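For reference, the structure is listed below as C-alpha cells.
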Amino acid sequence: MPRVRKDFGYPPLVTPTSQIVGSQAVLNVLMGERYKTVTRETRAYLQGYYGRPPVPIDPQVQAAVAGKGKIIQGRPGDALAPELEKAAREIDGLAHSEEDLLSYALFPAVAREFFEWRAAGGAELEVVAAIAVALSAAAGPHPPSARGGHPLSAAERGTRSGRSAWRLAGRQRVVR
C-alpha cells in the first residue's frame, strides 16, 4: 500500500481513495506485477476524475495506467456534460419541483416509478401518515386508555419501535 500510495501522489486515505489504493495494492501482489491489472476506478483516479492529489502522480505509472484516456488538468466536474436539462426533458410533466428533478437525475428508475405512482394518486397514504406522525409528536404522550392500552398513539409506537409511519403506509398500499 505505501508504494501504491506514493505512486498515486499520496491521496488521503478516506473513501473512495482508500479503497482504490488498497484494491490496487492487492491486485499488484496477486498478479505478481505492478499495475498489470487495474480497476476502472484506478484508471479514473489516474486520469484525474477524483481531483488532484497533494503530490503529483508518478508520471510513468500515470502514462502506463491511464493509457489513451484523456488526463484531466482542471476541475473534474468541468469535463462532465450538463445533465439537468436532459433529465427535465426525460421526466417531463412528472417532476413537480427542483427536488423531484434532482431525485430523477440521481436515481432515474426509482424516481420515475415513484412519480408515476404519485401521479396516479398513490401518495395519499404517505401524506396521511406524515400528518398523523406530526400531530402525534406535537400532542405529546397520551394517557393510557380506559381499557389499559398503551400510553402512546399507534403512530408514536411505530416511530419509537423503529417502524416508520411512512413504511407502514407503504405496506397498506401493498396490501390493498
Go through the range 105-122 residue by residue and turn each phi into a ³J(HN,Hα) via Karplus (6.51, -1.76, 1.60, θ = phi - 60°); whole Hz please, and just put x for glycine and proline. 4, 7, 9, x, 5, 5, 5, 4, 4, 5, 5, 5, 5, 4, 5, 7, x, x
Accessible surface of the range 1-120, 1.4 Å probe, proportion on carbon and sulfur as whole %: 58
Reach of K68 by Cα under 26 Å, taken over lysines that are not fewer than 8 positions away in the same chain: K6, K36
Whole-Hz Karplus ³J(HN,Hα) for the range 63-77, in order, using 6.51 cos²θ - 1.76 cosθ + 1.60 and θ = phi - 60°, x for Gly and Pro? 5, 5, 8, 5, x, 7, x, 5, 9, 6, 9, x, 5, x, x
Accessible area expressed per residue, the range 1-66, with surrounding protein chains retained (probe 1.4 Å, Å²): 61
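The values are calculated or read from the model by the stated rules, or taken from the named source; none is laboratory data. Remember, predicted model here, so these are calculated numbers, not experimental data. Surface areas here come from the heavy atoms of the whole protein model, side chains and all, with no ligands, DNA or RNA. Shrake-Rupley method; radii C 1.70, N 1.55, O 1.52, S 1.80 Å.
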